[in-house]
Amino acid sequence: MFGRYPNFDPANGKISDRLTLDVANLKQATRIVVYYHYLHRGRTMAQLPYWILVDKQPVGVILYSLPRVSVPLFDIKPMNILEMARLWLHPDVQNKTVTDSKGKTHSLSVASCAVGKSLNVVQKDWYRKYPNLPDIHAIVSWADDVHHEGTIYRACNFEEKGKSGGSLHGNRKRPDGGRDQLNPDYSHIKTMFMHTYKRGISTSEKQTLELKKRHGVVQLKLLPAF
């Protein structure tokens with residue numbers, strides 16, 4: 001039942017004023033991703049999840065993680081990049097429209113609003129959680145062409161950087177004796193989108209963030225339903 005908002009009224013004010021993000025508990029967020037997202041699997045490595053809330057009602061999740069790359073992407077080192085690895089919204093808040101004062105109908109994109117807001121805060125939130133890791137200079141995402149057209153990324157000023165995929169890579173034997181999974185979506189062509197930041201976090205900003213963290217100003221949001 002997570003994310004349901006059956007009485008959601010798209011005309012009840014600007015969505016940018018109604019939508020907020022909370023840094024989520026990773027265990028809870030992963031449960032939602034595995035259950036609801038079409039890939040039905042989480043991620044590994046360092047991660048940072050957000051709850052997406054509309055009118056304070058949780059309706060979705062965004063999950064950022066370190067990308068599974070070992071070489072620079074467009075001259076940006078892998079540890080300076082975050083991947084927007086998962087985005088899920090409940091259908092109750094999707095495919096909605098609003099009518100303006102002139103009678104013109106517009107699409108209401110909760111997804112692009114949520115992604116846009118996350119781009120504004122993820123650099124600092126990542127530093128709060130992982131102060132010893134390198135600063136984030138860019139966000140990357142690989143949109144599965146079978147499921148996505150890249151509309152959300154373009155609306156949030158991501159640049160399309162090319163195509164990849166199309167083969168069942170993996171199945172290599174790992175040092176621990178296991179093998180990489182051959183997930184079906186590996187065979188899908190994917191479009192790479194990248195959002196590059198103009199600057200990193202300043203020293204004074206880091207000092208402020210560290211002070212807030214010591215005083216417990218930022219806390220992970222636990223949902224009572226779990």
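Counting neighbouring beta carbons within 10 Å and listing from fewest to most, the residues HIS137, HIS90 come out as HIS137, HIS90. In summary, the aspartates and glutamates within cross-link reach of LYS213, defined as a Cα separation below 18 angstrom excluding same-chain residues under 8 places away, comprise ASP22, ASP125, ASP135, GLU205.
Taking 29 Å as the straight-line reach from the Cα of LYS96, the lysines in range (excluding those fewer than 8 positions away in the same chain) are LYS14, LYS56, LYS104, LYS117, LYS190, LYS221. For LEU119, neighbours were defined as the other residues whose beta-carbon sits under 14 Å from its Cβ, and their charges (Lys and Arg +1, Asp and Glu -1) total +2.
Which percent, to the nearest 5, of DSSP beta bridges fully inside the chain are antiparallel? About 90 percent, rounded to the nearest 5. How would the range 1-134 be classified by its alpha-carbon gyration tensor: rounded, prolate or oblate, with rounded meaning a/c under 1.5 and the a/b versus b/c comparison settling the rest? Because a/c hits 1.5 or more and a/b exceeds b/c, the range 1-134 counts as prolate.
For LYS77, neighbours were defined as the other residues whose beta-carbon sits under 15 Å from its Cβ, and their charges (Lys and Arg +1, Asp and Glu -1) total -2. Each Lys and Arg Cβ is given +1 and each Asp and Glu Cβ -1; about its Cα centre, the chain then shows a dipole of about 520 debye. Relative contact order for the chain: 19 percent, from Cα pairs under 8 Å spaced at least 6 residues apart, divided by residue count.
Farthest toward the positive end of the dipole of the range 15-214, out of HIS90, ASN120, VAL23, is the Cα of VAL23, where the dipole comes from beta carbon charges about the Cα centre.
For the chain, the percent of C-alpha pairs falling in each 5 Å distance bin, counted from 0 to the bin holding the largest distance, reads 1, 6, 13, 17, 19, 17, 13, 9, 5, 1, 0, 0, 0.
No lab work stands behind these numbers, since they all come straight from the coordinates. Quick caveat, the model's predicted, so the values are computed rather than measured. Here Cβ is always computed from backbone atoms with ideal geometry, including for glycine, and neighbour counts include all displayed protein chains.
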